[in-house]
1. Please give the helix 52-77 orientation as an angle from the longest Cα principal axis of the chain, in degrees from 0 to 90, rounded to the nearest 10.
2. Taking 2.2 N^0.38 Å as the expected size of a compact globular protein, what ratio does the Cα radius of gyration of segment 2-127 give against it, to two decimals?
3. Please get the size of the charge dipole for the chain, origin at its Cα centre, with Cβ charges of +1 on Lys and Arg and -1 on Asp and Glu, quoted in debye to the nearest 20.
4. Taking the chain as the reference, fit the longest principal axis to its C-alpha atoms, fit the long axis of helix 40-49 to the helix C-alpha atoms, and give the angle between the two in degrees, 0 to 90, nearest 10.
5. Just G70, G112, G88 to compare: in a GNM of the chain, with alpha carbon springs under 10 Å, which one fluctuates most?
6. What does the charge add up to near A49, with Lys and Arg as +1, Asp and Glu as -1, over the other residues with Cβ less than 13 Å from its Cβ?
7. Answer with one residue from L104, P66, P80: the one whose Cα lies farthest towards the positive end of the charge dipole of segment 2-127, charges on Cβ with Lys, Arg +1 and Asp, Glu -1.
Amino acid sequence: MLRKILGTLAGILVAMLVVTGMDALSHTLFPESVARSMDYADIAAAIAAAPLTAKVILACGWFLAPLIGGLVATQISNWPLSGWIVAGLILLACVANAALIPGLPVWMWVAGVVAPLLAGLIVKGTTGPA
């Protein structure tokens, strides 16, 4: 049981680091995509000003985070459900962001749902039956 908990927590931590890293990459390559504050209107304005490539990098993070975090979780925990837990948390974060940030492009809403689910399916496929 402890292995399942620690493996899942490790996967969640790795997923958070991947999302943060992809955000940092996007902001480094495209400084105009950095919000001036944590106000949702400022975040929306920064996203609107960001080039498509910056947005794609963010969306790639929404896929890579549950993929890498889920693989770490399932390898440590030896429990296939831990990958789905990681993917589910990233999915919830994406949905929350989409709901809170006004004017987010529709394709980003879709990517925020599809990417974590696709990553969860890939992780499940590498670990066998749940």
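The numbers here are math on the coordinates, done by the rules we state, and not lab data. Given the structure is predicted, the values throughout are model-derived calculations rather than measurements. Neighbour counts run over all protein chains shown; Cβ positions are idealised from the backbone, glycine included.
1. Helix 52-77 sits at roughly 20 degrees to that axis.
2. Expressed relative to 2.2 N^0.38 Å, the Cα Rg reads 1.08.
3. Using only the charged Cβ atoms, the result is roughly 440 debye.
4. 80
5. Result for the chain, Cα springs under 10 Å: G88 fluctuates most.
6. Details: positive: R36, K55; negative: E32, D42.
Taking every Cβ under 13 Å from that of A49, the sum is 0.
7. It is P80.
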